[in-house]
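K.L.:
Below is the structure I would like to discuss, written out as structure tokens.
The values are calculated or read from the model by the stated rules, or taken from the named source; none is laboratory data. Remember, predicted model here, so these are calculated numbers, not experimental data. Cβ atoms come from the backbone with ideal geometry, glycine included; neighbour counts cover every protein chain shown.
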Amino acid sequence: MNVELSPSTLSGAARAPSSKSYTHRAILAAGYSGGALVYDPLVSADTEATMRAVEAFGGAVTRESDHLDVDGFDGRPDVPADVVDCANSGTTMRLVTAAAALADGASVLTGDSSLRSRPHGPLLEAVESLGGRAESTRRNGRAPLVVEGPISGGRVSMPGDVSSQFVTALLMAGAVTDDGIEIELETELKSAPYVDITLELLEEFGIDAEKRGPDAAGPAGGTYSVGGGQFYEPTDGEYHVPGDFSSISYLLAAGAVAADPDEAVRVEGAYPSAQGDSEIVGVLDRMGADVDWNREDGVVTVERSTLSGIEVDVGDTPDLLPTVATLGAVADGETRLVNCEHVRYKETDRVSAMAEELSTLGVETEETAETLTIRGGDSELTGGAVDGRGDHRIVMALSVAALAASGPTTVSDAQHVDVSFPEFFDVLYDLGATLDRE
């Protein structure tokens with residue numbers, strides 16, 4: 001699907017979608033339990049992949065009007081009767097790899113062409129060191145994967161600079177092993193707030209886990225551990241998913257670049273949590289945006305503002321790179337995104353994707369292995385035809401840029417917003433955006 005967006009003026013209120021990161025973890029945590037209700041989930045292409053995986057392991061997921069009723073496999077997944085298709089969801093693939101290592105037999109995991117290009121090597125090596133079998137069928141650390149258990153727990157050492165999801169996967173599975181799992185990180189952990197999300201959710205499900213360090217005497221990235229023999233059981237058998245700050249970032253950016261001069265854009269459902277992407281509020285503030293976050297009410301208000309370029313480290317917030325790059329295209333001066341090499345290993349190489357597509361729209365950009373520089377002050381954001389790269393975050397970021405361009409912009413592959421924010425274009429339209437879906 002292509003979407004054509006014209007320069008627009010936005011106003012009014014929008015509600016944030018529920019968090020994809022929390023929804024993935026909640027669905028699997030409910031699967032590890034004897035059963036639980038997951039309220040306010042984000043139902044999207046990615047989270048549906050995790051639902052299918054829970055069912056492949058012997059659970060059942062029933063979708064109700066405002067919640068998912070998950071009948072869990074009680075910590076002991078069955079060997080799937082068929083290949084587990086994780087579609088385009090890297091989170092599903094990583095979490096399911098560790099879950100499969102608990103099953104008494106072999107599981108085969110795969111996904112679409114994009115997912116089959118993403119690295120899983122350190123997680124496979126960790127499963128092997130815990131006594132399981134974990135292989136890439138092409139022997140390149142990428143799906144399709146064959147995983148065989150059961151593992152009983154133990155200690156592993158792995159790099160922290162490839163994916164924080166490896167740590168999340170092992171912590172979630174480790175709670176139901178006999179011996180628990182301790183993870184020593186050989187390097188600094190990238191995207192660390194995502195593991196904080198995991199620890200927060202595990203606590204909500206009654207699981208004790210902890211992080212230590214790093215310190216001078218320990219491993220470079222610190223240690224995460226979870227005791228074995230635990231039971232997943234949320235309070236009153238239910239869990240409520242918070243709003244998603246990754247998705248909120250596009251709405252706030254849209255308000256900052258395209259709000260009606262006389263009326264702000266309000267985003268509701270933005271309650272505090274462990275999400276690192278809540279940093280978007282601070283980024284906007286540093287760029288000079290008129291933004292206010294009422295944490296108690298869960299409301300962020302943003303006005304159209306004159307923005308100035310800044311430097312942003314995305315080491316812990318990789319999903320914000322496309323959003324901040326778009327803000328940089330509108331800002332005066334230079335916006336420099338640093339520590340972003342790991343952002344190249346998402347659904348697409350998001351560093352190059354944003355550099356190239358913003359250039360198509362008339363923006364001067366420069367990239368190195370670990371940086372992306374946007375020279376908004378030397379550029380004129382014009383319209384044009386851009387490629388969404390089959391990546392939901394690239395599609396949404398370029399759509400925000402289109403609102404502030406001087407002419408119409410056509411974004412291809414727009415259907416991929418279904419991965420994390422299925423109602424994205426409906427929300428933009430309701431706020432006043434002029435758009436046409438082709």
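K.L.:
Kindly establish whether E380 is of a type in the set (D, E, K, R), in a loop (DSSP other than H, G, I, E, B) and under 21 Å from D316 (Cβ atoms).
P.N.:
No: the conditions fail for E380.
K.L.:
Sticking with this one: Of the residues that make up segment 62-78, is at least one basic (K, R), over 16 Å from the mean Cα position of the chain (by Cα) and within 28 Å of T409 (Cβ to Cβ)?
P.N.:
Looking through segment 62-78, none of the residues is basic (K, R), over 16 Å from the mean Cα position of the chain (by Cα) and within 28 Å of T409 (Cβ to Cβ).
K.L.:
Does any residue in segment 405-424 that is of a type in the set (D, E) come within less than 8 Å, Cβ to Cβ, of a residue that is surrounded by fewer than 18 Cβ atoms within 10 Å (Cβ to Cβ) and assigned to a helix (DSSP H, G or I) six or more places away or on a different chain, and which pairs are these?
P.N.:
D418/A45
K.L.:
Give the residues of segment 67-86 that are in a loop (DSSP other than H, G, I, E, B) and either within 16 Å of S107 (Cβ to Cβ) or in contact (Cβ under 8 Å) with a residue 60 or more places away in the chain (or both), sorted by residue number.
P.N.:
G72, F73, G75, R76, P77, D78, V79, P80, A81, D82, V83, C86 - these are the residues of segment 67-86 that are in a loop (DSSP other than H, G, I, E, B) and either within 16 Å of S107 (Cβ to Cβ) or in contact (Cβ under 8 Å) with a residue 60 or more places away in the chain (or both).
K.L.:
Within segment 17-41, count every residue that is of a type outside the set (S, T, N, Q), part of a loop (DSSP other than H, G, I, E, B) and buried (at least 24 other Cβ atoms within 10 Å of the Cβ).
P.N.:
2
K.L.:
Do you know which residues across segment 140-197 are in a strand (DSSP E or B) and surrounded by fewer than 24 Cβ atoms within 10 Å (Cβ to Cβ)?
P.N.:
V146, E148, G154, R155, V156, S157, M158, E182, E184
K.L.:
Residue check: is D112 assigned by TED's automatic domain parsing to the domain that holds V167, out of contact with any helix residue (DSSP H, G or I) (no Cβ under 6 Å at 6 or more places or on another chain) and more than 16 Å from T137 (Cα to Cα)?
P.N.:
no
K.L.:
Among the residues in segment 318-326, are any in a loop (DSSP other than H, G, I, E, B), surrounded by 18 or more Cβ atoms within 10 Å (Cβ to Cβ) and in the same structural domain as I394 (by TED's automatic domain parsing)?
P.N.:
Taking every residue of segment 318-326 in turn, none turns out to be in a loop (DSSP other than H, G, I, E, B), surrounded by 18 or more Cβ atoms within 10 Å (Cβ to Cβ) and in the same structural domain as I394 (by TED's automatic domain parsing).
K.L.:
Another question, then. Given the criteria under 23 Å from the mean Cα position of the chain (by Cα) and acidic (D, E), does D292 qualify?
P.N.:
Judged against the criteria, D292 is not a match.
K.L.:
While we're looking at this one, here's another question. What number of residues within segment 331-378 satisfy the criterion of being aliphatic (A, V, I, L, M), closer than 14 Å to A401 by Cα and touching a strand residue (DSSP E or B) at 6+ places or on another chain (Cβ under 6 Å)?
P.N.:
5
K.L.:
So which residues in segment 383-402 are in a helix (DSSP H, G or I), of a type in the set (G, A, S) and over 18 Å from the mean Cα position of the chain (by Cα)?
P.N.:
Result: S399, A401, A402.
K.L.:
In segment 135-144, is there at least one residue being of a type outside the set (D, E, K, R), under 19 Å from G228 (Cβ atoms) and assigned by TED's automatic domain parsing to the domain that holds V96?
P.N.:
No, the conditions are met nowhere in segment 135-144.
K.L.:
Then there's this: Among all residue pairs at least 6 apart or on different chains, which show Cβ distances below 7 Å where the first residue, located in segment 254-267, is under 12 Å from V300 (Cα atoms) and the second is hydroxyl-bearing (S, T, Y) and surrounded by fewer than 24 Cβ atoms within 10 Å (Cβ to Cβ)?
P.N.:
Going by the 7 Å Cβ cut-off, the qualifying pairs are A256/S305; A264/T301; V265/S11; R266/T301.
K.L.:
If you don't mind, there's one more thing I want to ask. Across segment 88-139, what is the total count of residues that are part of a strand (DSSP E or B) and either without any contact (Cβ under 8 Å) to a residue 40 or more places away in the chain or closer than 22 Å to S157 by Cβ (or both)?
P.N.:
Residues that pass the stated criteria total 7.
K.L.:
With respect to V351, is the statement that it is within 30 Å of D161 (Cβ to Cβ), of a type in the set (A, V, I, L, M), modelled with pLDDT of 95 or more and in contact with a Cys (Cβ under 7 Å, 6 or more places away or on another chain) true?
P.N.:
Yes.
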